[in-house]
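Novice: Shown below is the structure under consideration.
Just so it is clear, none of the values below were taken in a lab; they were calculated from the coordinates. These numbers were taken from a predicted model, which means no experiment stands behind them. For neighbour counting, all protein chains shown are included, and Cβ atoms are generated from backbone atoms with ideal geometry for every residue, glycine included.
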Amino acid sequence: MARKKNSPVPAPSQSVYGADPVKQQAAYHTLSILVNNEPGVLARVVGLFSGRGYNIESLTVAETDTVNNLSRITVICSGTPMVIEQIKNLLSKLVPVHRVTDLTLFGPHVERELALIKVVGAGDKRIEALRTADIFRAKVVDSTLESFVFEVTGTSEKIDAFINLMRPLGLADVNRTGAAAISRGTHID
């Protein structure tokens, strides 16, 4: 049946453009990027992130294969699934990149970080700092009459917890490496 020219249009029960986009939650992802070990590669990878306004939470890089002259860049970044997928696709298109693996989605992986933490104090605070370090299996790598430098290795959450406990005990300085990660089992990332 034809509708008259000036008759009201019934309100649709659903948009003609489809459902509203679902709000996606941003999440942290650990990306393992195998690249040629050559000058400028790290700058190109970091430039890809900064050029699009993506933040890097943690970044580590080192040569991992001297025979083939390859390095591994481990990046922890956050974003919605769509943003993470876009980052991976853009990284894969860079010429010196051999492989990009999202360890967060790839499967079980081991992720660790190293931190050097300087605590300055005396008396009871000094003793409490040593007790806390023992609980966290932190090593004393330097000691003076006024300070300790602790080395602690573990997940980022463990290091954050150790730092927070050291604040009232005289935390003076922190240097963190950023996370290194590798897949578990026989998988190669």
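Novice: Hey, what number do you get for the chain at 222 nm if only DSSP H runs of n ≥ 4 count, each worth -39500 (n - 2.57), divided across all residues, to the nearest 500? Present the calculation step by step, with values, prior to reporting the outcome.
Specialist: On the way: 5 runs with 51 residues, N = 189.
Estimated from H runs of four or more residues: -8000 deg cm²/dmol.
Novice: Would you mind getting the Kirkwood hydrodynamic radius of the chain from its Cα pairs, rounded to one decimal in Å?
Specialist: Values: mean 1/r = 0.0496 Å⁻¹.
Evaluated over the chain, this radius sits at 20.2 Å.
Novice: Let me ask something else. With only alpha-carbon atoms counted, please give the Rg and Dmax of region 110-183, in Å.
Specialist: Answer for region 110-183, Rg first and Dmax second: 12.1, 44 Å.
Novice: Need one number for region 27-107: average projected area of the convex hull over its C-alpha atoms, nm².
Specialist: Working: hull surface 20.1 nm².
Taking the Cα atoms of region 27-107, their convex hull projects to 5.0 nm² on average.
Novice: Continuing with the same structure: Using θ = phi - 60° and the Karplus form 6.51 cos²θ - 1.76 cosθ + 1.60, what ³J(HN,Hα) does each residue of region 176-184 get, whole Hz, x for Gly and Pro?
Specialist: Couplings: 10, 7, x, 7, 10, 9, 8, 6, 8 Hz.
Novice: Return PHE49, PHE150 ranked ascending by Cβ neighbour count within 10 Å, so the fewest neighbours appear first.
Specialist: Numbers: PHE49 17, PHE150 22.
Going from least to most buried by this count: PHE49, PHE150.
Novice: Let me ask you something else. Using amide H atoms built in the peptide plane, which far-off residues or other-chain residues are under 5 Å from SER58 H to H?
Specialist: For SER58, whose amide H was placed from the backbone, the distant partners under 5 Å are ILE76.
Novice: For the chain, what is the charge dipole size about the Cα centre, in debye to the nearest 20, if Lys and Arg each add +1 at the Cβ and Asp and Glu each add -1 at the Cβ? List each step's numbers first, then the result.
Specialist: On the way: 21 positive and 19 negative charges, 212 e Å.
Roughly 1020 debye for the chain.
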